[in-house]
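Below is one structure; the comments refer to it alone.
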Amino acid sequence: MVAQVIDGKAFAAKVRAQVADQVAKLKEENGITPGLAVVLVGEDPASQVYVRSKGKMTVEVGMNSYEHKLDADTSEEDLLALIEKLNNDPAVNGILVQLPLPKHLNEDLVINSIDPAKDVDGFHISNVGLLGTGQKSMVPCTPLGCLMMLRDHHGSLSGMDAVVIGRSNIVGKPMAQLLLGDSCTVTIAHSRTKDLPDVVRRADIVVAAVGRPEMVPGDWIKEGATVIDVGINRIERDGKNKLVGDVDYASAAERAGAITPVPGGVGPMTIACLLANTLTAACRANGLPEPEGLTA
Ligand code: GUN
């Protein structure tokens with residue numbers, strides 16, 4: 001079988017267009033412009049690139065973007081004071097504190113000081129608990145993007161066997177909760193899993209989120225399975241820098257029914273879902289119906 005390629009770049013553009021339509025409607029009918037505040041502490045180059053890209057796309061869909069760039073030696077007290085100010089600012093519907101934070105700052109404390117209703121990353125302990133108990137929450141952006149692509153490809157996921165490789169708080173665990181919410185039979189695999197190839201071979205859906213270049217070879221993939229590759233790994237091959245996923249794309253594409261490429265698969269969906277979450281937060285804050293097709 002030769003896999004259908006799931007075009008995340010095109011899908012993300014479609015999601016952003018849907019968000020832009022809804023934002024225009026919110027402005028026209030309710031006089032509301034959603035706002036997203038992004039807080040960056042320090043000068044990590046990769047984080048600077050992400051933050052710039054987030055700001056640009058926020059403005060492109062018609063929302064207000066507020067960027068707060070703080071020095072690397074900012075005290076916890078000052079950072080918490082800024083978050084408190086954003087929590088109380090009605091123009092701000094979403095707050096994202098870019099991770100990783102410099103070592104002297106307690107990441108859990110900082111994330112849990114964000115108003116859960118504005119926690120568009122879905123990392124606050126309240127949102128984690130709400131998702132785990134099947135209640136309305138803010139859902140982490142990358143797993144939400146994966147779920148949207150799976151729903152788009154399959155329609156219903158009910159009864160499918162899914163394996164999530166990786167147990168991170170940002171991707172693996174919330175991904176498993178979302179798949180369970182859509183009635184999949186879910187296995188969470190990780191570095192200590194016994195006979196990982198055998199576990200993966202049973203899955204109709206494989207979500208790889210471990211951050212190890214090409215660790216899943218094609219012969220682990222069940223014929224016709226759907227493969228969602230969350231990994232973005234920089235490697236050097238033939239003297240050139242290259243981005244590869246956690247799945248060996250070439251061999252997996254020969255067996256899968258559908259597969260996301262790297263780059264151009266899951267990656268572009270993360271910011272699209274951040275914008276979708278900001279819109280959802282703005283609708284909830286104003287007692288309006290949630291945007292259709294943009295939530296879990
Ligand atoms: N750093 C890399 N990805 C992310 C993300 O999705 N959210 C936050 N807050 N920081 C990140």
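The values are calculated or read from the model by the stated rules, or taken from the named source; none is laboratory data. Quantities reported herein were computed from a predicted structural model and do not represent experimental measurements. Heads up, the Cβs are rebuilt from the backbone with ideal geometry, glycines too, and the neighbour counts pull from every protein chain shown.
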Original post:
Scanning for something touching an Asp or Glu at 6+ places or on another chain (Cβ under 7 Å), within 13 Å of the ligand (Cβ to nearest atom), aliphatic (A, V, I, L, M) and not in a loop (DSSP other than H, G, I, E, B), does the stretch 98-114 turn up at least one residue?
Top reply: no
Original post:
Which pairs do you get when a residue that is within 15 Å of ASP108 (Cα to Cα), found in the stretch 72-98, comes within reach of a residue that is of a type in the set (Ser, Thr, Tyr), reach meaning Cβ atoms under 6 angstrom, with the pair 6+ apart or on two chains?
Top reply: LEU80/SER113; ILE83/SER113; GLN98/SER47
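A quick yes/no check of all residues on (1) surrounded by fewer than 19 Cβ atoms within 10 Å (Cβ to Cβ); (2) in a loop (DSSP other than H, G, I, E, B); (3) within 13 Å of the ligand (Cβ to nearest atom); (4) of a type outside the set (Lys, Arg):
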| site | (1), (2), (3), (4) |
| --- | --- |
| MET138 | no, yes, yes, yes |
| SER156 | yes, yes, no, yes |
| ALA162 | no, no, no, yes |
| LYS194 | yes, yes, no, no |
Original post:
Of the residues that make up the stretch 40-58, is at least one of a type in the set (A, V, I, L, M, F, W, C) and in a loop (DSSP other than H, G, I, E, B)?
Top reply: no
Original post:
Do the conditions hold for LEU275, that is, is it surrounded by fewer than 24 Cβ atoms within 10 Å (Cβ to Cβ) and not in a loop (DSSP other than H, G, I, E, B)?
Top reply: no
Original post:
What residue, of THR260, THR278, is at pLDDT 95 or above, under 14 Å from ALA12 (Cα atoms) and β-branched (Val, Ile, Thr)?
Top reply: THR260
**OP:** Being charged (D, E, K, R) and over 18 Å from GLY172 (Cα atoms) is the filter; apply it to the stretch 236-274 and report the residue that is nearest to the ligand (Cβ to nearest atom).
**Re:** LYS242
